[in-house]
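Encoded as structure tokens, the structure appears first; notes follow it.
What follows is calculated from the coordinates using simple rules that are stated; it is not laboratory data. This is a predicted model, so every value here is computed, not measured. A quick note on method: Cβ atoms are made from the backbone with ideal geometry, for glycine too, and the neighbour counts reach across all protein chains shown.
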């Protein structure tokens, strides 16, 4: 979870890192990548549902950060700014894939389902299950949840990912998406209702 309020020491360290990045310090950029590569890749993978696409976009994200860090005005957390760049790259790529799919007759759903089984991504969707006899069951449910999230519309999927998987605050989500607070909450409510409806058959079968 990335809280809006950070400790004084964390704030000072971030400001030092940003200053070093703006000076073009290569060591600072390497540190930035180490700190944020898992979150960036995890968000790309959940948004795209494809490991190859996620890897390519993650590289593009850090390339963008490297070239645009001097324009970071520090009006939000550095992590929030990075999430916004990542989210925008993913949405742009999804738009491109939709246009290409029209020509190739290849749906995004096929791409989403290609590489998810058994994939270990940052911050799993399902809760941790300590009992060994339930680990397989939990992993199967995690995969099902991710598959259903991939079937949501783009605007619903990103809010589920940002709020319920990445655990960002509403304020951060507003900054990342540019949406008003009321829009975020109402759209997230509809997204959760839609996901619950899609998950209902799996939960019903599980309880019987």
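Starting from the Kirkwood Rh over alpha-carbon pairs, what translational D in µm² s⁻¹ does the stretch 53-102 have by Stokes-Einstein at 20 °C and 1.002 mPa s? List each step's numbers first, then the result.
Values: Rh = 11.7 Å.
In µm²/s, the coefficient is 183.
With Rh defined as the Kirkwood radius, the inverse of the mean 1/r over Cα pairs, the Rg/Rh of the stretch 136-208 is 1.04. Projecting label points 7 angstrom from Cα along Cα→Cβ for residue 164 and residue 68 puts them 2.9 nm apart.
Among 76-86, 149-159, 189-199, what's the highest-first ranking by average C-beta atoms within 10 angstrom per residue? Write out the running numbers ahead of the final one.
Numbers: 76-86: 20.3, 149-159: 18.5, 189-199: 14.7.
Put in order of decreasing packing, that is 76-86, 149-159, 189-199.
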